[in-house]
Structure formats: C-alpha cells, structure tokens
Amino acid sequence: MAVYREAIPGPALDTPSTSLEAHTSAQGSDSGAGRLSFYRKLCYGIGGVPNQVASSAIAFYLQLFLLDVAQIPAAQVSLVLFGGKVSGAAADPLAGFLINRSRRTGSGRLMPWVLGCMPFIALAYFFLWFLPPFTTLRGLWYTTLYCLFQALATFFQVPYTALTMLLTPNPKERDSATAYRMTLEMAGTLMGATVHGLIVSGAHGSHRCKEDTLPGEGAVSPNATRLYFIAATVVALTYPVCSTLLYLGVKERSDPSTPASGQGLGFLAGLGLTVRHRPYLKLVISFLFISAAVQVEQSYLVLFCTHASQLQDHVQGMVLTILVSAVLSTPMWEWVLQRFGKRMSALGICAMVPFAILLAAVPMVPVAYVVAFVSGLSIAVSLLLPWSMLPDVVDDFQLQHQHGPGLETIFYSSYVFFTKLSGAGALGISTLSLERTSYTLA
C-alpha cells in the first residue's frame, strides 16, 4: 500500500511519514494471519454486485422509463431523480450513526445490516419499475419508491464497503480485496445495463427529435410494461443470491479492542474528527465533481443517442462497449496504482472530457464507439481510485487518533453522502434543463 501522502496531492500529513511507513510495513509483514484466500476475496466482491446491477439499470434506463413508459413530465422526472439522490445522501449519516452504535452479534457488527436490508431493497427495486393503474399521482409514486430504494441501498452499501477494514489488518490484502470488489462491481454494472437493456429493447421504437414530432409519440410498444416487469424481477433476484454468497464466504474479523456494546466514541464526536482530517477533506473535495460528472454522463448517454442523434440503433452497443471497457480495464488500473502511484493514476479520469465533447460535436457511429471505449477507461479509474484511497485515510486517522475501531463506518458513510449530494444536484439541474428545452410528451 502506498503511503497516503502520495495518494492525495497537497501538503504533507501531520503525522511523520516514518511512523506511517513503519505501521504499513509491520502490518504488511504479517502475511500469515492477514492473507485472504481467493475464495474469500471473490465472495466479498460478489456481495457488491446487486447494488451495481440495480444502479446501472437505473442510471441508464430509469429516466427513459419515466419519460416514455410512465409518461411523467420532465419536471416531475427531475424531482424523482433529485429526491431519490437526496434521500440516499440523507440516509448515509443516519446509517453511519446507527451502525456505529449497533452491538456486535455472532455474525459481526456489519454483516447483519447487509442481510437485514436485502429483502426490502429487492422489493423496493421491483416496484420502482411497476406501472400503477392511476396516472395523476405517478410522480409521487415513483418519487416515494426511488427515495425508499436509495435509502435502503445506503443501509446495504455502507456496512458492505466498511467491511473492507475488518477483513484483514494487512493493507496490501485490503487493496487486493478492493480490486476484486471493484472488478466484480464493474461486471455487475455491465450485467445490469446489458441484461436490463436486452430485455426492454423491444419496449422502445426508433424515434428521434424532429421538428414535427415529439419525442414520446408512438414510441412505446404495447408490451413495454411487461418487459420492464421481467427486467425488474431478474435484477431484484440478484440481491438474495449474492448476499447469501457474501455471508457464506466472508467472515467479519473480530477486533479485541471493539467494545461488545458498540459504545465508544460517539457518532457526532467521530464525525467532527473525520471532517477535520485533512487527507479526508482532500479526498472528498477531489471526487465530488468527478462523481457528479460520471453520473450525468451515464444518465444522458442513452437519452442523447435516442432522441438527439441518429445513434438510437447503437445505444445497446455503446453501453456494452463502455461497460466492457470498464470491467477489463479495472485490473489494469489496479496495476497502475501499484506501479506508478495513485496521484499519477488520477490523470486517466480526464480522458473522458474531450471525447464526450467530441461525441456531441460529431455524432457519428465510429466516433461514438471510440468515445464509449475511452469513457469506460475513465469511469473505471474514477470508481477504483477513491475506494483505494479511503482505507489509507482511515489508517492514517487511526495513527493520529487512538480511538479504536468503529469509525470506519463514519468515514465510508460520510464520503458516500457527499458524493451522492453532488450527483443529486448535477442530475436534478441537468434534467430540469429538459423542461426549458420543451422536452414534453404527447
């Protein structure tokens, strides 16, 4: 594991680098008790697949579903997307507080939260794609369900990601487990967009913006509701399957310094310490805008190609190219992180910017696939990099503040809170712009 001073640009850490290096070296030398088997890493990575499958399907197709199938006005769609993101962001500190105060059980302190949320989040996702018989309150229906789904997804994801710190004390093994998780989550993203897209491909006809035709007229096939129903069922089933494998293959490491009652440093006191930790502030600020940009690009790629260009027949191919590129490049980026450092790897995120502009200027098929490939590379490193840095931040914090374990959930929940809040603002404002451009349905 690289010393965190390299991971985050800026002034040196307050703690002398020699102590952090000695701490890292001491932990890394314990190759016996700290090593994780391939099976355990694989099962840990599988646990993150369901949320990524669902999030991918939502990112690429929920907006299209609400506009074309549910036929909700663009202003209400903006409210649905913004409200869901805000709900998920608001649930992050709540999840951190409740998990931080929870008692340790026979299955650990984090695993029961993952298993407890699993059936409810699967149901919330399923009904998110259900078309209710009424029309006047559909906006409220989807806003409520999307908010519920995002909140439950938070209570599932926060303990799952924080579990990284309790798998092993070996930093290199934690980095390896993170790489497994990101690779399988990328595969889940690919599976979500591909499987969902293939199932609902017959729900939308060929329709693009014309002067005499509104985007939604005659574009939805009669069996669109049934196709989205099938896709929602397939994705929802990944939650019980993958959660079972996570429970069977991963054992949460018990730390003797953790109080059995879960009482220790209070949540508010711990939150105050984390937000004043300089490396953590640098990490959060650095990735706020990056996360927002990635979410906006995912959401608008399908909409742009479907309505504003002549690429509607290549939407599935472009989405597949992006996700395959991201999945295959994740192990490469992990090697780059280890070989050249995390600061140098951050340059790979910038590659998507000029290519996204190129697609808007030259919406041709060959250009579109090149843009999709490069975007996949940038998305992979933008997702891998912060999660590889976060354990370094927690290690550095624990060296400076000897409060014992338990604060990892505060770090993870507050980081996700800030990124979700950033994405909510970006998606809400950009979707609301559709209303100003007269995107309406018949």
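Restricting the search to the stretch 46-73, which residues are assigned to a loop (DSSP other than H, G, I, E, B) and under 14 Å from the mean Cα position of the chain (by Cα)?
Passing the criteria: only Gly48.
Please find, within the stretch 128-139, the residue that is nearest to Ile230 (Cα to Cα) out of those that are over 21 Å from the mean Cα position of the chain (by Cα) and in a helix (DSSP H, G or I).
My answer is Arg138.
Among the listed residues Leu123, Leu163, Leu145, which satisfies the condition of being over 25 Å from Leu245 (Cα atoms), at pLDDT 85 or above and assigned to a helix (DSSP H, G or I)?
That would be Leu145, the only listed residue that is over 25 Å from Leu245 (Cα atoms), at pLDDT 85 or above and assigned to a helix (DSSP H, G or I).
Taking the criterion of being more than 30 Å from Val250 (Cβ to Cβ), in a loop (DSSP other than H, G, I, E, B) and open to solvent by less than 10 Å² (accessible area, probe 1.4 Å), would at least one residue in the stretch 92-114 satisfy it?
No - not one qualifying residue is present in the stretch 92-114.
If you scan the stretch 351-369, which residues turn out to be in contact with a helix residue (DSSP H, G or I) (Cβ under 7 Å, 6 or more places away or on another chain), among the aliphatic types (A, V, I, L, M) and touching a residue at least 12 places away in the same chain (Cβ under 8 Å)?
Ala351, Met352, Ala356, Leu358, Leu359, Val365, Ala368
Can you tell me which residue is modelled with the lowest pLDDT among those in the stretch 221-238 that are open to solvent by less than 50 Å² (accessible area, probe 1.4 Å) and over 25 Å from Pro119 (Cβ atoms)?
Ser221
Any residue in the stretch 116-127 that's free of Cβ contacts under 8 Å to residues at least 60 places away in the same chain: show its pairings with residues that are open to solvent by 40 Å² or more (accessible area, probe 1.4 Å) at Cβ separation under 8 Å, as long as the two are six or more apart or on different chains.
Taking only residues 6 or more apart or on different chains, the pairs are Ala124/Leu148.
For Pro132, indicate whether it is out of contact with any Ser or Thr (no Cβ under 8 Å at 6 or more places or on another chain) and at pLDDT 85 or above.
It is true that Pro132 is out of contact with any Ser or Thr (no Cβ under 8 Å at 6 or more places or on another chain) and at pLDDT 85 or above.
So if I check each of Leu358, Leu383, Leu377, which one is part of a helix (DSSP H, G or I), over 24 Å from the mean Cα position of the chain (by Cα) and modelled with pLDDT of 80 or more?
After ruling out the rest, the residue left standing is Leu358.
Please determine, by comparing only the residues of the stretch 274-284 that are open to solvent by less than 30 Å² (accessible area, probe 1.4 Å) and not hydroxyl-bearing (Ser, Thr, Tyr), which one is farthest from the chain's Cα centre (by Cα).
Looking at residues that are open to solvent by less than 30 Å² (accessible area, probe 1.4 Å) and not hydroxyl-bearing (Ser, Thr, Tyr), I get His277.
Note down all Cβ pairs under 8 Å where the first residue falls in the stretch 243-255 and is in a helix (DSSP H, G or I), the second is surrounded by fewer than 17 Cβ atoms within 10 Å (Cβ to Cβ) and modelled with pLDDT under 85, and they're at least six residues apart or on different chains.
Here the result reads Tyr247/Ser107, each pair linking the stretch 243-255 to a residue that is surrounded by fewer than 17 Cβ atoms within 10 Å (Cβ to Cβ) and modelled with pLDDT under 85.
What are the residues in the stretch 51-63 that are open to solvent by less than 10 Å² (accessible area, probe 1.4 Å), at pLDDT 85 or above and of a type in the set (A, V, I, L, M, F, W, C), if any?
Val53, Ala54, Ala57, Leu62
List the residue pairs whose Cβ atoms are under 6 Å apart, where the first residue sits in the stretch 56-82 and is touching a residue at least 24 places away in the same chain (Cβ under 8 Å), the second is open to solvent by 10 Å² or more (accessible area, probe 1.4 Å) and not in a helix (DSSP H, G or I), and the two are 6 or more positions apart or on different chains.
These pairs meet every condition: Asp68/Gly216; Asp68/Val220; Val69/Val220; Gln71/Leu441; Ala74/Tyr439.
Scan (1) assigned to a helix (DSSP H, G or I); (2) at pLDDT 75 or above; (3) open to solvent by 50 Å² or more (accessible area, probe 1.4 Å) for the single condition Phe287 breaks and write down its number.
Here Phe287 meets the rest and fails (3).
Within the stretch 139-156, identify whether any single residue is out of contact with any helix residue (DSSP H, G or I) (no Cβ under 8 Å at 6 or more places or on another chain), surrounded by fewer than 24 Cβ atoms within 10 Å (Cβ to Cβ) and not β-branched (Val, Ile, Thr), and answer yes or no.
Yes, that holds for at least one residue.
The values are calculated or read from the model by the stated rules, or taken from the named source; none is laboratory data. These numbers were taken from a predicted model, which means no experiment stands behind them. Neighbour counts are summed over all protein chains in view; Cβ atoms, including those assigned to glycine, are modelled from backbone coordinates with ideal geometry. To get the accessible areas, we keep the full protein, side chains included, count just its heavy atoms, and leave off ligands, DNA and RNA. Shrake-Rupley method; radii C 1.70, N 1.55, O 1.52, S 1.80 Å.
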